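Written out below as structure tokens is the structure these notes cover.
The values are calculated or read from the model by the stated rules, or taken from the named source; none is laboratory data. Every value quoted in this text rests on a predicted model; they were computed, and no experiment measured them. Here the Cβ positions follow ideal geometry from the backbone for every residue, glycine too, while neighbour counts run over all protein chains shown.
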Amino acid sequence: MRRANVPDSPLKVRLRETSRRVLRLFGGRSSRDVEYDFAYRNIVGKQLRILDIGGCDSLLPLTFAKAGHSVTVCDFRPYPERHPNLTVIQGDFLENQLPPCSFDAIIMVSTMEHIGLGGYGAPERPDADFEVMRELRRILVDGGRVILTFPFNERERESYSQI
């Protein structure tokens, strides 16, 4: 069984973002809030070239694009948002054709734990996490930042479909 290769709808992503904001209004925080806050605090500088790997169901890339950064989203699933500062690469990050030293910052919010396991339409690959880290090093400028987060306070739920 594999996870369906279907992204959340733009409406579902926006509703999830709204519910996170309402939760914050009443003093609550989700694990995603903590991860996003970490990303916001660590994107330092103006007009950075940012790569978001696995950001298909997130408004984080759009937020950074609206702030003036040049953002690329790489995911197996399509990214539904559009903006002049936003580029989308739909496919396998490990098969990318990105030039060396092409990003100032790379964001992976709750992504690394999925790599190599065959979810989201990606192939199963032993040691894919190590391959990704080598590739990040290749495409990141000297002194650039990799912002890597993992879920930590709630149980992950996956929905699977038969293929």
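Scanning the range 93-110 for residues that are farther than 11 Å from Cys74 by Cα and either within 9 Å of the chain's Cα centre (by Cα) or part of a strand (DSSP E or B) (or both) gives Phe103, Asp104, Ala105, Val109, Ser110. Considered as a group, the residues in the range 54-88 that are out of contact with any strand residue (DSSP E or B) (no Cβ under 8 Å at 6 or more places or on another chain) and of a type in the set (D, E, K, R) include one that is farthest from Thr149 (Cα to Cα), and that residue is Arg82.
Taking (1) within 19 Å of Phe38 (Cα to Cα); (2) aliphatic (A, V, I, L, M); (3) at pLDDT below 85 in turn, Leu117 satisfies each apart from (1).
Is there a residue in the range 36-43 that is at pLDDT below 90, of a type in the set (Val, Ile, Thr) and more than 13 Å from the chain's Cα centre (by Cα)? So far as the range 36-43 goes, no, none of its residues is at pLDDT below 90, of a type in the set (Val, Ile, Thr) and more than 13 Å from the chain's Cα centre (by Cα).
Taking the criterion of being of a type in the set (Ser, Thr, Tyr) and either farther than 17 Å from Phe103 by Cβ or in contact (Cβ under 8 Å) with a residue 24 or more places away in the chain (or both), the residues of the range 64-88 that qualify are Thr72, Tyr79. Among the residues of the range 31-63, those identified as on the phi > 0 side of the Ramachandran plot and either without any contact (Cβ under 8 Å) to a residue 40 or more places away in the chain or crowded, with 22+ Cβ neighbours inside 10 Å (or both) are Gln47, Gly54. Each residue in the range 49-92 was checked for being modelled with pLDDT of 95 or more, part of a strand (DSSP E or B) and not β-branched (Val, Ile, Thr), and 5 pass.
For every residue, the table says whether it meets (1) without any contact (Cβ under 8 Å) to a residue 24 or more places away in the chain; (2) in contact with a strand residue (DSSP E or B) (Cβ under 7 Å, 6 or more places away or on another chain); (3) among the aliphatic types (A, V, I, L, M); (4) buried (at least 17 other Cβ atoms within 10 Å of the Cβ).
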site	(1), (2), (3), (4)
Gln90	yes, yes, no, no
Glu95	yes, no, no, no
Ile106	no, yes, yes, yes
Thr111	no, yes, no, yes
Asp127	yes, no, no, no
